[in-house]
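J.: Got a structure here, written out as C-alpha cells. Questions coming.
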Amino acid sequence: MTGSPALPLSEHLLVVLVLLPLGTAALMLALGQGRRTTKAVLNVASTTAGLSLAVMLLAWVHGQDAAAAFAVYLPGNWPVPYGIVLVADRLSALMVVLAGSVGLAAVLYALARWHQAGVHFHALLQLQLAGLYGAFLTADLFNLFVFFEVMLAASYGLLLHGGGNARVRAGLHYIAINLVASLLFLIGVAVLYGVTGTLNMADIAAKLPLVPEHDHGLLHAGAAILGLAFLTKAAIWPLCFWLPPAYTAASAPAAALFVILTKVGFYAVVRLWTLCFPSDAGDSAFFGSAALVWGGIATVVFGSIGMLASQHLGRLAGYSIITSSGTLLAAIGLHEVALGTGALFYLASSTWAACALFLLVELLERARDLATPPPRIDDGQPLLTAFGESEPPPDINLDDDARALVGRALPAALAFLGLAFAVCALVIAGLPPMSGFVGKLAMLAALLEEPDVAKWVLFASLIVSGLLAALALLRVGMRQFWSAMDGPPPRLRLIEMLPVALLLGACVMLVIRGEAALDYARRTAEGLHAPHLYIEAVLAARPRPSAAVDGASR
Amino acid sequence: MEVVIALAIGVLAGSGVWLVLRPRTFQVLIGLTLLSYAVNLFIFSVGSLTIGKEPIFRPGLAATLENYTDPLPQSLVLTAIVIGFATTALFLVVLLALRGLSGGDHVDGQEERP
C-alpha cells in the first residue's frame, strides 16, 4: 500500500473486474429478450476488457517485485476485519487471467451458433465471470460463499442452455450436488466463525494460534467440512461422479467455461489451507494434507482409467479434467515450493488445453456425425472452405493454385482439426514439446528430491496417467482422422476456430516463454509458503480518509 | 435451550439427508429445503443462544457479547436464506422441466429396471 492519499489507479482494478461483468449482465437483462447482435457485441467487448484488466492486474502484481506482491482494496472503506476486502496476490491474478481467457474463448465460440439457442446466454456468461472474478479476488470467507453462489447459479443456467432431455437430467443432478455442497460450505463457515469469531481469511489465520486446545477438534471438523465443499467442486475422488455426465451434456461453450469451475475449488483449498495450516501451526500443521495427497492420487488413477474407458470424446474430456484436478491437489498437498511451481504451471496449461478440447469435441463430432446438420452458411459469416471442394460457395474466392490440385486434397478444415487435436492431446498427455510436459517435468523433478512413499506413488501415477491419456487420445485421433471419410468434409467457421487457435497458441507461448512462466509460478508458490506476508498485508490495510466524512466531522 | 435447538437441527438434517437420497425428485427438493433449514438454524446458533438480548448498541451498556447478541450470524443467515431460496426455486423449475420431458418423477428421468 502506498501512503499517498489518492488511491493508485491500479488498485481500483480489483473492484472494476467484479463490477464490469455485473454491470454488463444487468445492462443485457435490461435490453430484453431480443437484440442478439447488440448483446453479442457487448459481451465480446466486456469480456475482452475484463481479460485485458486481468492481464494488467497480473503485470502490476508481478511488477511489484516483492517476495509476495499484493493489491488490497476495501470496497466499503471499512476497517479491515469488519469490512469486506478484495485482495490480489500472484495466485489470484493468475486465476483471474485464466478465467478471463477461458471466458473469452467461450464467448467467441458461442458467436457461431450457440448464443442463438436461448435468450439469456450472454447475461448468464457475464454473471458467471463476475462470480469467478469475485471468488478469486475476495479475502472474506462469507463473501467467497456469495461469489461461489453467483457463479454456481449462472452455471446452472448455462448447463441447461440449449435445452433437451439429457441436459435437464444432468442439470438436475448437478444442481442437487452443488446445493448440498453449498450447505456444507455454510456449515464449515459457521463453525470457523464460531471458533475464531471472524470471517476475514487473513484474520482467521492470524487468530488460529489463539484458539484454545479444547477447541481444536471443532476447528478441524469445521475445516474438514469446508474442505469437503471445495473438494466436491474440485472433483476429487470419490466426489467426482457428477462431473462427466454434466460436462458431456453441456453445450460446447458452456462446457469450455466450466473447465475453470473445478479450478475454483482447487484455488479455495490452496488459499485457505496455505493460510490457516502452515508448517508452524502446532498440531494443526498441514492439517488434512494426507487426505489431499492420497485423494489426489486416487483421483489421478480414476480419471486416467475413465479416460481410457470413454467411448464418447466429451466424456473423455470430462475425465481429463478429473485427472488434472487430482494432479493439482496431490501436488499442493505435499507442501513444497518446487512441487507447487510445477503444479501452478501445469494449472495454466491444463486449463487452456481442456478448454480447447471441449470446443474441439463438438467440431469433431460434427465432422464425424453426418446426421448433425452443418451450420447454415447463409448468414454472411466466413467459412473456411476445403481446398479440393468442387463447388466453392459463391461468396468465397478460391485461388487458382488450390483449384488446380489433382486428386483429393486434404480439406483445410480437417487439417486444422487434426493439428489442433494433436496439440491438445500433447498438452493433456504431458508429452514434449508442449507445455503440459514442462509442468509435469517440473513436478516429477521435485518429487525425486527426498522421496518417500507418497511421492513415489504420485510419481508413478503421474507417469502412468500420462501414458493412459496418450493412449486414449491417440485412439480417438485414429478413429477420427485415419478412418475413411464418407460424405463432405466438415465445414467450420473461422469464429469457431479462432478460440481454439488462441487457447492452443497460449499453450505454445507458455513453452516459448517457459522461463518467465516458471519464474512467475515459482514466486507464486513461494508467496503461498509465506502466509504471514499475506496476513500482514491484509491486516495493515487502512480505510482511506474520505472528503465527505472529513467535511461532516468539521 | 441448547438441547432443543440441537435436537431440532438434528431432526431436520436427518430427515433432509434421508429425503435427498430418495429417488423421487419432489422428495429431493423437500430434503434440500429441510437441510437448508437445519443449516440456517445451525448458523444462527453459532452466535451463542441468548434470550432477550438485541444486537443494537445501547448507551451505558458495555459493548461485549455478555450484553448483546452477535449480529453477524443473523446477517449470514439472512443471506443464506435468500440464496438458498433462489437456488431451490431454480431446482423446482428444473424438476418440472424434467417431469415434462421424461413423463416421470424419477431423478434419473427413467425408472430403474428390475
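The values are calculated or read from the model by the stated rules, or taken from the named source; none is laboratory data. Predicted, not measured: the structure shown is a model, and the values here were computed from it. All Cβ positions, even for glycine, are placed from backbone atoms using ideal geometry, and neighbour counts span all protein chains on display.
J.: Restricting to segment B:22-41, give me the number of residues that are within 24 Å of B:ARG99 (Cα to Cα), within 8 Å of the chain's Cα centre (by Cα) and more than 8 Å from chain A (Cβ to nearest Cβ).
T.: Going through segment B:22-41 one residue at a time, the tally reaches 2.
J.: So, one more: Would you mind finding the one in A:ALA123, A:ALA130, A:ALA154 that is farther than 30 Å from A:LEU272 by Cβ, modelled with pLDDT of 90 or more and crowded, with 23+ Cβ neighbours inside 10 Å? Before you say what the answer is, go through the steps one by one.
T.: On the way: A:ALA130 fails: farther than 30 Å from A:LEU272 by Cβ; A:ALA154 fails: farther than 30 Å from A:LEU272 by Cβ.
One residue alone meets the criteria, A:ALA123.
J.: Would you mind stating whether B:ALA97 is aliphatic (A, V, I, L, M), within 12 Å of chain A (Cβ to nearest Cβ) and more than 30 Å from A:GLY188 (Cβ to Cβ)?
T.: Numbers: aliphatic (A, V, I, L, M): yes; within 12 Å of chain A (Cβ to nearest Cβ): yes; more than 30 Å from A:GLY188 (Cβ to Cβ): yes.
The answer is yes for B:ALA97.
J.: Yes or no: A:LEU94 surrounded by 22 or more Cβ atoms within 10 Å (Cβ to Cβ), over 14 Å from A:LEU528 (Cα atoms) and either under 22 Å from the mean Cα position of the chain (by Cα) or not small (Gly, Ala, Ser) (or both)?
T.: Numbers: surrounded by 22 or more Cβ atoms within 10 Å (Cβ to Cβ): yes; over 14 Å from A:LEU528 (Cα atoms): no; either under 22 Å from the mean Cα position of the chain (by Cα) or not small (Gly, Ala, Ser) (or both): yes.
So A:LEU94 does not fit the description; no.
J.: Further, regarding this structure: Of the residues that make up segment A:298-312, is at least one closer than 17 Å to A:PHE230 by Cβ and touching a Ser or Thr at 6+ places or on another chain (Cβ under 8 Å)?
T.: Taking every residue of segment A:298-312 in turn, at least one turns out to be closer than 17 Å to A:PHE230 by Cβ and touching a Ser or Thr at 6+ places or on another chain (Cβ under 8 Å).
J.: Moving on. List pairs: first residue in segment A:185-200 and within 8 Å of chain B (Cβ to nearest Cβ) and more than 17 Å from A:PHE147 (Cβ to Cβ), second residue assigned to a helix (DSSP H, G or I) and not β-branched (Val, Ile, Thr) anywhere in the structure, Cβ distance under 7 angstrom, at least six positions apart or on different chains.
T.: Filtered contacts from segment A:185-200: A:ILE187/B:PHE42; A:ALA190/B:PHE42; A:VAL191/A:LEU218; A:VAL191/A:ALA221; A:VAL191/A:GLY222.
J.: From the residues in segment A:208-238 that are of a type in the set (Val, Ile, Thr) and closer than 18 Å to A:ALA290 by Cβ, which one is surrounded by the most Cβ atoms within 10 Å (Cβ to Cβ)?
T.: At the first step, the residues of segment A:208-238 found to be of a type in the set (Val, Ile, Thr) are A:211, A:225, A:232, A:236.
Narrowing the set further to residues that are closer than 18 Å to A:ALA290 by Cβ leaves A:225, A:236.
Numbers: A:ILE225: 19, A:ILE236: 28.
Result: A:ILE236.
Residues are listed down the side, and each one gets a yes or a no for (1) without any contact (Cβ under 8 Å) to a residue 60 or more places away in the chain; (2) surrounded by 24 or more Cβ atoms within 10 Å (Cβ to Cβ); (3) under 14 Å from A:PRO244 (Cβ atoms):
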site	(1), (2), (3)
A:SER310	no, no, yes
A:ILE321	no, yes, yes
A:THR327	no, yes, no
A:ILE332	no, yes, no
A:PHE345	no, yes, no
A:ALA348	no, no, no
A:ALA354	no, yes, yes
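J.: Restricting attention to helices (runs of 4 or more DSSP H) lying wholly within segment A:437-554, give those where 1 or more residues are modelled with pLDDT of 85 or more and surrounded by 13 or more Cβ atoms within 10 Å (Cβ to Cβ). Walk me through it before giving the result.
T.: Details: elements: A:453-477, A:494-512, A:514-528, A:531-539, A:547-553.
Helices (runs of 4 or more DSSP H) meeting the threshold: A:453-477, A:494-512, A:514-528, A:531-539.
J.: Exactly one condition in (1) under 18 Å from A:ALA255 (Cβ atoms); (2) over 17 Å from the mean Cα position of the chain (by Cα) is false for A:LEU141; which is it?
T.: Against the list (1) under 18 Å from A:ALA255 (Cβ atoms); (2) over 17 Å from the mean Cα position of the chain (by Cα), A:LEU141 comes up short only on (1).
J.: If A:ILE175 satisfies every condition in (1) buried (at least 21 other Cβ atoms within 10 Å of the Cβ); (2) closer than 30 Å to B:GLN110 by Cβ; (3) more than 9 Å from chain B (Cβ to nearest Cβ) but one, which is the exception?
T.: (3)
J.: Under the condition of being under 21 Å from A:ARG271 (Cα atoms) and not hydrophobic (A, V, I, L, M, F, W, C), which residue from segment A:29-64 is farthest from the chain's Cα centre (by Cα)? Spell out how you get there, then give the answer.
T.: Taking segment A:29-64 first, the residues under 21 Å from A:ARG271 (Cα atoms) are A:54-55, A:57-62, A:64.
When the remaining residues are screened for being not hydrophobic (A, V, I, L, M, F, W, C), the result is A:62, A:64.
Working: A:HIS62: 20, A:GLN64: 25 Å.
It comes out as A:GLN64.
J.: Just a yes or no: is a residue in segment B:70-85 surrounded by 20 or more Cβ atoms within 10 Å (Cβ to Cβ), touching a Phe, Trp or Tyr at 6+ places or on another chain (Cβ under 9 Å), more than 28 Å from B:ALA6 (Cα to Cα) and at the interface with chain A (Cβ under 10 Å from one of its Cβ atoms)?
T.: So far as segment B:70-85 goes, no, none of its residues is surrounded by 20 or more Cβ atoms within 10 Å (Cβ to Cβ), touching a Phe, Trp or Tyr at 6+ places or on another chain (Cβ under 9 Å), more than 28 Å from B:ALA6 (Cα to Cα) and at the interface with chain A (Cβ under 10 Å from one of its Cβ atoms).
J.: Oh, and also: Kindly check whether there is at least one residue in segment B:56-67 that is away from chain A (no Cβ under 12 Å) and within 16 Å of the chain's Cα centre (by Cα).
T.: no
J.: Next question. Residues that are within 12 Å of chain A (Cβ to nearest Cβ), within 21 Å of B:ALA89 (Cα to Cα) and without any contact (Cβ under 8 Å) to a residue 12 or more places away in the chain: does segment B:6-13 have at least one? Steps first, please.
T.: As a first pass, look at segment B:6-13 and keep what is within 12 Å of chain A (Cβ to nearest Cβ): B:9, B:12-13.
Pick out the ones that are also within 21 Å of B:ALA89 (Cα to Cα) and you get B:12-13.
Subset that is without any contact (Cβ under 8 Å) to a residue 12 or more places away in the chain: none.
Looking through segment B:6-13, none of the residues is within 12 Å of chain A (Cβ to nearest Cβ), within 21 Å of B:ALA89 (Cα to Cα) and without any contact (Cβ under 8 Å) to a residue 12 or more places away in the chain.
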